[in-house]
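Everything on this sheet refers to the single structure shown next.
The values are calculated or read from the model by the stated rules, or taken from the named source; none is laboratory data. This one's a predicted model, so the numbers in the text were calculated from it and none came from an experiment. Ideal geometry is used to build each Cβ from the backbone, glycine not excepted, and the neighbour counts take in all protein chains shown. SASA here: full protein model, heavy atoms, side chains in, ligands and nucleic acids out. Shrake-Rupley method; radii C 1.70, N 1.55, O 1.52, S 1.80 Å.
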Amino acid sequence: MNSEVSLSPPTDVLIVGGGPAGLYAAFYVALRGLSVRILEARPELGGQLAALYPDRRVYDVPAAPAAYAGQIVDRLARQLRPFDIDIRLGEVARTLKRSGAGWTVGTDLARYPAGAVILAAGLGALLPRAAAQPEARTDWPFLPQQNTTAVQSAWVQGGVPQATRAALELADAGTPVTLSHRRALFRGTPEQLARLETHRQQGTIVVQAPAAPDFQVRAEAIWQLNGYLPDLSPLQSWPLDWQGEYVPAEPSGQTCLPGVYVAGDLSLSGGDFKLIALAFAQAALCANHAAHHVRPELKIRPGHSSDRRLPGDHG
Ligand SMILES: Cc1cc2nc3c(=O)[nH]c(=O)nc-3n(C[C@H](O)[C@H](O)[C@H](O)COP(=O)(O)OP(=O)(O)OC[C@H]3O[C@@H](n4cnc5c(N)ncnc54)[C@H](O)[C@@H]3O)c2cc1C
């Protein structure tokens, strides 16, 4: 890591990972009145739901029957809206150091001090698979600072949901798009696939499928979207008593390091039982214990949210 990286103002709690566990933990920390920051390696929130199956229906998330995974992410993000949460996208947490009574987590861009850290890193940082062409871009969406609207022509290759979404968003922005895939099958929600068909009929998206892998198109910008692979290696040097790909914890979610908690797929307590509902439950436990750890005057138990009114609640 570059030693010149900037030092950010501290937050009470820092969360590594913006999947269901991280988002729900952030909600609960903020509900307790503490400041919170999320570090997420991908350019968007949502973890596996956003990266791997945004177009699939999920049936076993409480109170969200038959919701698309992408919709569950939207609802989790909506639940954060009343709060001022510092969300850092496109940053991989790489180092953990003690600082005062808390910890500092380092990325390639900055150092982030916090009173407590919640690890909600799931299977690891979901990083895009490499592209065959070196100039190709490998992820969608792009980070906000990476402007794509000025692109004059685009070639999007791949059958993952991000390919359909990229083609649609580029075409909606007025960019002529060619969408190609080796199979005549694209992934997306029914609404996205219907919009793709409309664009195809109007000629605003040229669909080439099945296309040979070396199919060549002239375009100013090329996206080769080949899905994502989880990478736990940035965290595996942290002294957490690793058991394979899992981090053990006390019933509170605290790891062997005081003030460092673990929730979701990464936690040994769930083991192979990888479920969104479990991630939520573990996140609520970790967040409330972390709040008490940082501010011992706060009770661990949060009380009932139904006794409160949040900003923006006009009910
Ligand atoms: C195809 C598929 C279908 C599924 N269907 C269901 C289902 O129907 N019902 C169900 O309950 N569960 C389902 N699951 C499982 C569910 O998605 C997981 O249990 C859930 O996503 C775990 O949430 P999490 O927040 O712990 O981890 P994740 O969703 O993996 O999120 C972790 C996030 O942390 C980020 N991250 C990791 N390391 C770092 C780092 N060093 N720095 C910064 N960011 C980092 C990652 O990029 C990722 O965004 C499914 C999983 C898959 C793959």
With a cut-off of at least 2 residues that are in contact with a helix residue (DSSP H, G or I) (Cβ under 8 Å, 6 or more places away or on another chain) and of a type in the set (A, V, I, L, M), name the strands (runs of 3 or more DSSP E) lying wholly within segment 80-163.
110-119, 154-157
Does Gly70 fit the bill of being surrounded by 18 or more Cβ atoms within 10 Å (Cβ to Cβ), more than 13 Å from Ile38 (Cα to Cα) and away from the ligand (no atom under 14 Å from the Cβ)?
no
Hits in segment 79-113 - residues which are open to solvent by less than 30 Å² (accessible area, probe 1.4 Å) and closer than 30 Å to Ala64 by Cβ:
Leu80, Ile85, Glu91, Val92, Ala93
Scanning segment 179-199 residue by residue, those assigned to a loop (DSSP other than H, G, I, E, B) and either among the polar types (S, T, N, Q) or open to solvent by 60 Å² or more (accessible area, probe 1.4 Å) (or both) turn out to be Arg182, Arg183, Ala184, Leu185, Arg187, Thr189
Quick check on my filter: what residues within segment 114-141 are within 16 Å of the ligand (Cβ to nearest atom) and of a type outside the set (A, V, I, L, M)?
Gly122, Gly124, Pro128, Arg129, Thr138, Asp139, Trp140, Pro141
Answer with yes or no whether Arg42 is near the ligand (Cβ under 8 Å from one of its atoms) and crowded, with 22+ Cβ neighbours inside 10 Å.
yes
Need the failing condition index for Gly18 against (1) free of Cβ contacts under 8 Å to residues at least 60 places away in the same chain; (2) crowded, with 23+ Cβ neighbours inside 10 Å, just the number.
(1)
Would you say Ala25 is modelled with pLDDT of 95 or more, out of contact with any strand residue (DSSP E or B) (no Cβ under 7 Å at 6 or more places or on another chain), open to solvent by less than 20 Å² (accessible area, probe 1.4 Å) and in a helix (DSSP H, G or I)?
no
If Arg37 meets every condition in (1) more than 9 Å from the ligand (Cβ to nearest atom); (2) not in a strand (DSSP E or B) apart from one, which number is that one?
(2)
